[in-house]
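Bear in mind these aren't lab numbers, they're just calculated from the coordinates by the rules spelled out. For clarity, every value in this text was computed on a predicted model and none was experimentally measured. Don't worry about glycine lacking a Cβ; one is built from the backbone with ideal geometry, like all the others, and counts go over all protein chains shown.
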Amino acid sequence: MSAGGAVPDGAELGERLRRRDLSAAPAVLNLVETATPAAREQTARLLAAVSPESLGGEAPGHIVGVTGPPGVGKSSLLSQLLAAWRERDRSVAVLAVDPTSRRSGGALLGDRARIDVDAADRAVYVRSTAAGERLGGLAPATRAAAAALAAAFDVVVIETVGVGQSETEVADVADTVAVVVQPGSGDVLQFLKAGIMEVPDVLVVSKADLGRIATRAIGDLRAALRALAAPDTRVVAVSALPPASGIEELRDALEAHRAQLDLPAHRARARRRHALADFVAEHGERGLRALGGRRQAEKLLATQAPGKDAPALTEALEAAARG
Ligand SMILES: Nc1nc2c(ncn2[C@@H]2O[C@H](COP(=O)(O)OP(=O)(O)OP(=O)(O)O)[C@@H](O)[C@H]2O)c(=O)[nH]1
Ligand SMILES: [Mg+2]
């Protein structure tokens, strides 16, 4: 313990994660969600302890983003996916970003499912976080939690609600992004066609038990992907209602995507985007201009040793202020 009594030691928590001590997860989430200066400092120590430099490589966990409109069946699907991952003996953490406190969207249906977990299973951890009122970008706490937990868990899932923007947000954190599509609703299809939405790694058509309407959704998505020349995106139909179907196929599709990914390059790019976003959040467009503009800042980041991104920008700003 250090700095202010109740705040745990970030380095110690990081060390527990490195030993793959899954029971550290609740303390990790509590720490990253605490906004006091002392907690921020310990969060930084935690992240340093699980950084690629400390680990001698990228955190091994597979970070999967699962996103889609309200009521599409994400939570029901995750209950099933959890079971499928457990069948393969994978440990799983789920960070569900709950939109209920957001003014727009979410909880439209009275019949939201909760993710089913076996309370006795120590290899599964599920945490819901309120999205709050923030617009754009995942909460830094969710980002930090995902990065940290990937050191200990085999799979870290981030569930977010929305379509058109949320998958871009989650793509900044996740190794693999799955967008869940509601049969009979054209929104994802329209966003894809209009180029508003980046093509996800995996498209999941939910509620396949609805029959023809689901079959048509699959056909429409495949046609759109052909038109977009995105043949690598997998389309998987699932039903989360018993008897569930497509779940193992989806688990394997997610894993196959991860297997062909250049993980260090992918995560380094994401970290740079975060460093730049954090810098702009702190110093504003003025700070960016002092560095010579966004392009210049990106160039600066591209030449940095991994993990030195944020300090590099701040140092450059200080140098500009002096000069
Ligand atoms: N027929 C059918 N209904 C499903 C299936 N999966 C989920 N549902 C139903 O769809 C509704 C919403 O499911 P949820 O799993 O809560 O959906 P969600 O995407 O997590 O919803 P939010 O968290 O509110 O965004 C519930 O009534 C589920 O029972 C499915 O495979 N088939
Ligand atoms: Mg849900």
**Request:** Starting with the highest mean, order 261-274, 152-165 by the number of other Cβ atoms within 10 Å, averaged over the residues of each peptide.
**Result:** 152-165, 261-274
**Message:** Can you give me the long-range amide H partners of residue 158? Hydrogens built in the peptide plane at 1.01 Å from N, cutoff under 5 Å, separation of 5 or more residues or another chain.
**Reply:** 64, 65, 66, 95
**Fill in**
One would report the antiparallel percent of DSSP beta bridges in the chain, rounded to the nearest 5, as 5
**Asked** Between residue 165 and residue 128, how many nm apart are label points set 7 Å from Cα along the C-beta direction?
**Response** 2.3
**Prompt:** Rounded to the nearest 20 Debye, what is the dipole magnitude of region 174-323 about its Cα centre when Lys and Arg each give +1 and Asp and Glu each give -1 at the C-beta?
**Reply:** 440
**Request:** Find which of 225, 242, 284 sits farthest along the positive direction of the dipole of region 190-323, computed with +1 on the beta-carbon of Lys and Arg, -1 on that of Asp and Glu, about the Cα centre.
**Result:** 284
**Ellipticity estimate at 222 nm from DSSP helix runs (n ≥ 4, -39,500 (n - 2.57)) divided over the chain, nearest 500** = -14500 deg cm²/dmol
**Asked** In what order do 138, 301 fall by count of nearby beta-carbon atoms within 10 Å, going from fewest to most?
**Response** 301, 138
**Request:** Please give the peptides 218-225, 245-252 ranked by average Cβ packing (other Cβ atoms within 10 Å per residue), highest first, as a rough proxy for protection.
**Result:** 245-252, 218-225
**Request:** Enumerate the amide H contacts of residue 180 below 5 Å, restricted to partners 5 or more residues apart or on another chain; note that Pro and chain-start residues carry no placed amide H.
**Result:** 67, 68, 204
**Item:** Efficiency of FRET from Cβ geometry, residue 230 and residue 277, R₀ 35 Å, rounded to 0.05
**Value:** 0.85
**Complete:** Computed ³J(HN,Hα) along region 270-283: with the Karplus parameters 6.51/-1.76/1.60, θ = phi - 60°, integer Hz and x for glycine or proline, the list is 4, 4, 5, 4, 5, 4, 5, 4, 5, 4, 5, 4, 7, 10
**Request:** Taking 7 Å along the Cα-to-C-beta vector as the label spot, tell me the residue 263-residue 34 distance in nanometres, rounded to one decimal.
**Result:** 3.1
**Prompt:** Picking from 158, 200, 186, whose Cα lies most toward the positive end of the charge dipole for region 136-219 (charges on Cβ: Lys, Arg +1; Asp, Glu -1)?
**Reply:** 186
**Prompt:** Between residue 111 and residue 194, what is the FRET efficiency for a Förster distance of 25 Å, r being their Cβ-Cβ separation, to the nearest 0.05?
**Reply:** 0.25
**Prompt:** Which aspartates and glutamates, on any chain, are close to residue 74 with Cα under 13 Å apart, when same-chain ones fewer than 8 places away are left out?
**Reply:** 98, 111, 116, 159
**Prompt:** Taking the Cα atoms of the chain alone, what are Rg (to one decimal) and Dmax (as a whole number) in Å?
**Reply:** 20.1, 68
**Asked** Amide H to amide H, which residues 5 or more places from residue 237 or on other chains are under 5 Å from it, using H placed in the peptide plane?
**Response** 205
**Message:** Using the Cα centre of the chain as the reference point, and only Cβ charges (+1 on K/R, -1 on D/E), how large is the resulting charge dipole? Debye, rounded to the nearest 20.
**Reply:** 600
**Shape parameters for region 265-322, alpha-carbon atoms, Rg then Dmax in Å** = 10.4, 34
